[in-house]
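The values are calculated or read from the model by the stated rules, or taken from the named source; none is laboratory data. What you see is a predicted model, and the numbers here were worked out from it, not measured in a lab. Please note: Cβ atoms are built from the backbone with ideal geometry, for glycine as well, and neighbour counts cover all protein chains shown. When the accessible area is computed, the model is the full protein with side chains, heavy atoms only, and any ligands, DNA or RNA have been set aside. Shrake-Rupley method; radii C 1.70, N 1.55, O 1.52, S 1.80 Å.
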Amino acid sequence: MKEKMKLSDIGVVLFMYAVCAYFYTQNLQLKPESQTYPRFTIILLFALTTMYLVKMLIQAFKNGVHKGKDEAFKDFQPAQFFVSLALVVLYVVMINFIGFYIATFIFMTLLLLYLKVPKLHALIAVVAIMLLIYLAFGLFLKVKLPEGVWLKPLLKQLR
Amino acid sequence: MLQTLAQMGAGFLNALTPINLLLMAAGVAMGIVIGCMPGLSAAMGVALMLPMTFTMKPETGLIVLGAIYCGAIFGGSISAILIHTPGTPASAATAIEGYQMTLQGKAGKALFTASYASFWGGLLSCISLYFFAPLLAQLTLKFMSAEYFWLSIFGLTIIAGVAGKSLLKGLMSGALGLLLSTIGLDPILGAKRFMFGQAYFAEGINTTCALIGLFSMSQVFILAEKKITERAQAAKVTDKMSLTREERRIIRPTIFRSWIIGNLIGILPGAGASIACFLGYNTSKQFSKHKEKFGRGSIEGVAGSEAANNAVTGGSLIPTLTLGIPGESVTAVLMGGLVIQGLTPGPELFGKYAPMTYTFFAGFVLVQFFMLGIGLLGCKGFAQISRLSDAILIPCVTVLCVVGSYAIHKNMLDIVVMLIFGVLGYLMRKFDLNTAAVVLALILGPIGEKGLRNALRISEGNISILFSSVVCWVLIALCIVGIVSPFLMAKMEKKAEADAVAGTDEDLGKLTEEDSV
């Protein structure tokens with residue numbers, strides 16, 4: 001079957017051109033000797049993107065166009081995806097304030113319950129992962145995980 | 001020669017420490033768990049476990065990563081046999097015969113065959129690793145700055161064609177990675193470049209965080225976007241897990257042939273275990289004296305596929321350790337582990353760092369024994385784990401990604417970088433761009449830049465220095481081969497896959513006709 005141009009690829013091309021444009025303007029602010037190699041990589045990315053754009057246009061004229069987005073995001077569950085993404089971002093932010101272990105407990109519990117995991121399974125998963133991290137990173141690798149700026153003074157007093 | 005033998009022996013002595021043995025067992029078990037879960041891949045598992053190896057000795061860290069790699073490739077066969085869903089693409093051909101055997105109540109026999117063939121495939125692949133890797137590494141002694149520049153370009157052309165649908169998009173991904181690799185201090189002049197006003201970026205983008213984001217975090221987003229469904233119940237193993245002496249005799253030549261196939265495929269950049277399993281399966285069918293059993297649960301089919309995909313592991317380490325050119329995503333991640341430990345692929349690994357390298361090789365041999373033992377003893381349990389819902393995997397993998405990226409420098413910005421690369425990796429996978437090419441470009445970019453700039457400094461800006469030696473021309477020719485090879489590999493894979501499916505359908509057709517008569 002002849003390959004049609006994917007409309008979604010326009011986004012890919014625009015993204016690559018935007019990256020080239022950003023790095024190009026930033027590159028101009030560097031010392032002349034430091035500009036050469038980044039310029040080489042910018043030109044390389046620009047040339048390859050342009051080649052891909054030409055290929056897309058040839059495909060569009062010869063075989064037509066189709067929405068690549070539908071293919072890429074088939075069976076996409078928007079609510080589930082964006083809630084999960086938001087919780088992940090919130091989790092990373094909260095680690096800074098309430099510390100790794102408490103943030104992990106809250107994040108895992110909320111996400112597991114949102115994804116409709118039975119409560120007992122969720123509890124086992126939370127306990128197992130936290131235990132694994134404590135044993136592997138806390139005891140074995142001796143990595144001090146973030147305590148959180150809000151809890152640090154309290155923990156200091158307790159010690 | 002004697003010195004090499006002594007180093008090989010010393011490698012075994014070093015590898016046989018209690019901590020190494022314990023970590024080998026843990027790595028293999030972890031790899032099998034990752035491999036048998038259809039949502040997770042070997043590259044993802046190795047990337048996720050990478051930070052845990054930082055505080056270990058380099059050889060121990062590499063042994064753990066090698067154990068996860070081997071375990072994951074084998075683990076895929078468990079779900080392929082018991083739930084007809086290959087855990088990794090490397091076990092796709094195993095599902096054809098393995099599941100037929102399960103339907104006939106021979107799941108134990110199929111699992112034993114898979115473990116036995118995987119063990120021999122992996123073990124035999126170590127032979128070529130021992131003998132070809134030092135020889136190839138000697139070649140790189142002739143490399144100067146210009147050659148290193150071409151070598152990095154060769155690596156990128158190779159990986160650009162791997163695992164992607166479009167070569168041009170693969171090359172674009174590589175170029176994007178090269179551009180991102182320029183973030184940080186200028187390696188020659190020390191001037192700040194594209195650092196977004198953050199001193200954090202002085203040493204460039206943290207490769208490990210990028211690896212975890214591109215391979216593991218992006219997989220979390222892929223799982224989170226799909227409707228969560230329950231996986232099929234794993235079939236019960238009712239028969240004895242063993243093979244008769246006669247059956248072992250039958251599969252012996254199959255394993256031998258698949259070892260050669262898998263090894264060659266592993267050494268060839270651009271190919272991988274998913275191609276090897278189909279080629280191994282097809283070849284076992286071509287040479288079989290019991291062709292009628294194919295499609296109806298043939299132990300030769302299972303052995304052919306499994307020995308070939310595990311033979312890839314040792315083979316694929318050869319170009320990775322000697323030239324710094326990983327042929328597939330998993331070895332790209334493994335190379336990341338090597339570079340992060342401060343080691344450079346090439347002759348140094350077989351000279352200055354020979355004790356470490358030979359300890360790793362010995363560990364890789366021992367890992368095969370652990371794979372056999374743990375595989376045989378635990379496959380019933382692993383089969384149950386393979387049913388673990390994506391709903392549980394999503395938060396668990398996220399937490400491991402977060403803690404893994406933080407553990408490297410104990411810096412919250414590392415988690416942010418990992419998350420950004422996670423989103424980038426997710427979008428790249430959605431639009432058929434190649435995440436492995438970005439990773440490799442991040443690793444090879446600085447090597448290529450130093451090579452190019454040093455060469456131009458020596459020649460006072462004369463570009464002809466890049467074409468001044470035979471080695472340069474050989475590498476340029478290899479770059480062209482690197483661009484062409486993905487087309488050939490894709491054709492080979494399609495043909496092998498079509499042959500396997502067509503052959504099986506034909507056999508089943510005949511079987512139905514016979515039954516109706």
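Toward the positive end of the charge dipole of the protein assembly as shown, about the Cα centre and with charges on Cβ (Lys, Arg +1; Asp, Glu -1), which of B:ALA332, B:ILE447, A:VAL88 goes farthest? Going by the charge dipole, the pick is A:VAL88. Ranking A:GLN35, A:VAL12, A:THR50 by Cα position along the charge dipole of region A:5-72, where only Lys, Arg, Asp and Glu carry charges on their C-beta atoms, puts A:THR50 farthest toward the positive end. Per residue of B:140-153, other chain Cβ atoms within 10 Å of the residue Cβ number 0 on average. A simple charge model with +1 on the Cβ of Lys and Arg, -1 on the Cβ of Asp and Glu and nothing else charged puts the dipole of region A:5-72 at about 100 debye relative to its Cα centre. Across B:LYS293, B:LYS430, B:LYS192, the residue with the most accessible area heads the list, and the full order at a 1.4 Å probe is B:LYS192, B:LYS293, B:LYS430.
Any chance you could give the angle, 0 to 90 degrees and rounded to 10, that helix B:145-160 forms with the longest Cα principal axis of chain B? Computed tilt is about 40 degrees.
Residue ranking by accessible heavy-atom surface, 1.4 Å probe, largest first, among B:ILE78, B:ILE458 comes out as B:ILE458, B:ILE78. Relative to the longest principal axis of the Cα atoms of chain B, helix B:329-340 runs at roughly 40 degrees.
Relative to one another, the C-alpha centroids of region B:201-224 and region A:86-106 are positioned 18 Å apart. Counting only DSSP H runs of at least 4 residues, each contributing -39500 (n - 2.57), and dividing by the residue count of chain B, the helix-based mean residue ellipticity at 222 nm comes to -24500 deg cm²/dmol. Where Lys and Arg each count +1 and Asp and Glu each count -1, what net charge lies around A:ASP9 among other residues with Cβ under 9 Å from its Cβ? So the surrounding residues net to +1. Straight-line reach from A:LYS55: taking Cα to Cα under 22 Å and skipping same-chain neighbours fewer than 8 places apart, the lysines in range are A:LYS2, A:LYS4, A:LYS6, A:LYS67, A:LYS69, B:LYS165, B:LYS169, B:LYS430, B:LYS491. Surface composition of region B:279-384: carbon and sulfur atoms hold 63% of the protein heavy-atom accessible area at a 1.4 Å probe.
Chain A packed on chain B takes about 5400 Å² of accessible surface away from a 1.4 Å probe, both sides summed.
Annotation: per residue accessible area for region A:5-72 equals 56 Å², rounded to a whole number [probe 1.4 Å, protein chains only]. For A:LYS31, the solvent-accessible surface computed with a 1.4 Å probe is close to 110 Å², ligands and nucleic acids excluded.
Taking label positions 7 Å along the Cα-Cβ direction at both A:GLU71 and A:VAL89, the computed distance is 3.0 nm, reported to one decimal. Each residue of region B:311-452 gets 167 Å³ once the volume of the Cα convex hull is shared out per residue.
Computed from the Cα positions only, the extents of the protein assembly as shown along the three principal axes stand at 81, 68, 65 Å, in decreasing order. For chain B, the longest principal axis of the alpha carbon atoms and the long axis of helix B:435-458 meet at an angle near 30°.
Summing charges over neighbours of B:CYS209, with a neighbour being any other residue whose Cβ is under 14 Å away from its Cβ, gives -1 when K and R count +1 and D and E count -1.
Of the residues B:ILE205, B:PHE221, B:GLY190, the one whose Cα sits farthest towards the positive end of the charge dipole of region B:184-236 is B:PHE221 (charges of +1 on Lys and Arg Cβ, -1 on Asp and Glu Cβ, taken about the Cα centre).
When peptides B:282-291, B:13-22 are sorted by average Cβ neighbour count within 10 Å, with the highest value leading, the order is B:282-291, B:13-22.
Among the GluC sites (Glu not before Pro) in region A:1-94, those located in a DSSP loop and surrounded by at most 15 other Cβ atoms within 10 Å of their own Cβ are A:GLU3. Burial here means at least 20 square angstrom less accessible surface with every protein chain in place than with the chain by itself, probed at 1.4 Å; in region A:86-110 the buried residues are A:VAL88, A:TYR91, A:VAL92, A:ILE95, A:ASN96, A:PHE100, A:PHE107, A:MET108. Loop-located chymotrypsin sites (Phe, Trp or Tyr not before Pro) in region A:1-99 (DSSP state other than H, G, I, E, B) with a sparse environment of at most 16 neighbouring Cβ atoms within 10 Å: A:PHE73, A:PHE76.
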